[in-house]
Amino acid sequence: MRDQGFYNLVATLAAVVAISVVTAVPGFSSSGSAPAAGAARTSRVNLTVSLNGTTGWPQFVPANFSVPVGPVVITIVDQDAPMSWPACSCRVAGTVGGFERVNGTAESQVSDSNVAHTFTVPSLGLNVLSPGASTVTFTIDLPHAGSFPRFCEAPCGSNGYEGPPMGVPGYMTGTISVD
Ligand SMILES: [Cu+2]
């Protein structure tokens, strides 16, 4: 008859084998649900269009901002007055899904009866229309690091594209820094 020590040894070996089997099963690793390395997280940027208290010119605030590579949800609260722009093509381009939301409604083409400003980044093929007195939301997926100049294409000043506010950095022009 074997003694108790033998049975304890057998039980211990059985337990070790059982643990080995469990830990070898995929998905039991403690890091199994961690996101893949380099997976992009969604960033958020909130902008307003308001009239500068000193000059009275409309400006995007902030005019310049930095975001990481990957998807970015941008919200523009446009506090400027509604403005008709009959020459506007008014087509949304370069956003995820090809649309923007105007006060919550998805639109791939915005009515020219009210486009006060645009958020246009030629190097990203991006064109978003910003109606006055409205809130616009859209998503872009930034592909790589770099410096991307932003413009407004709507004729929101009486001085053409060279004078204020169109041609003055910090108002209707700015830069998105992607890092
Ligand atoms: Cu403008």
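The values are calculated or read from the model by the stated rules, or taken from the named source; none is laboratory data. Here the structure is a predicted model, which means the values were calculated and not measured. Every residue, glycine among them, receives a Cβ derived from its backbone with ideal geometry; neighbour counts consider all protein chains shown.
Figures for the structure shown
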| read-out | value |
| --- | --- |
| Within the range 163-179, tally of residues that are away from the ligand (no atom under 16 Å from the Cβ), surrounded by fewer than 22 Cβ atoms within 10 Å (Cβ to Cβ) and among the hydrophobic types (A, V, I, L, M, F, W, C) | 1 |
| Scope the range 99-112; condition surrounded by fewer than 20 Cβ atoms within 10 Å (Cβ to Cβ) and within 16 Å of the ligand (Cβ to nearest atom); matching residues | 112 |
| The lone exception for residue 133 - which of (1) farther than 13 Å from residue 94 by Cα; (2) buried (at least 16 other Cβ atoms within 10 Å of the Cβ) it fails | (2) |
| Counted residues, the range 52-92 - those being more than 16 Å from the ligand (Cβ to nearest atom), closer than 15 Å to residue 134 by Cβ and at pLDDT below 95 | 0 |
| Unique match (being under 16 Å from residue 73 (Cβ atoms), loosely packed, with under 15 Cβ neighbours inside 10 Å and of a type in the set (Val, Ile, Thr)) among 121, 96 | 96 |
| Residue within the range 107-118 that is farther than 26 Å from residue 179 by Cα and of a type in the set (Asp, Glu) present | yes |
| Residue among 115, 128 that alone is part of a loop (DSSP other than H, G, I, E, B) and either of a type in the set (A, V, I, L, M, F, W, C) or surrounded by fewer than 20 Cβ atoms within 10 Å (Cβ to Cβ) (or both) | 115 |
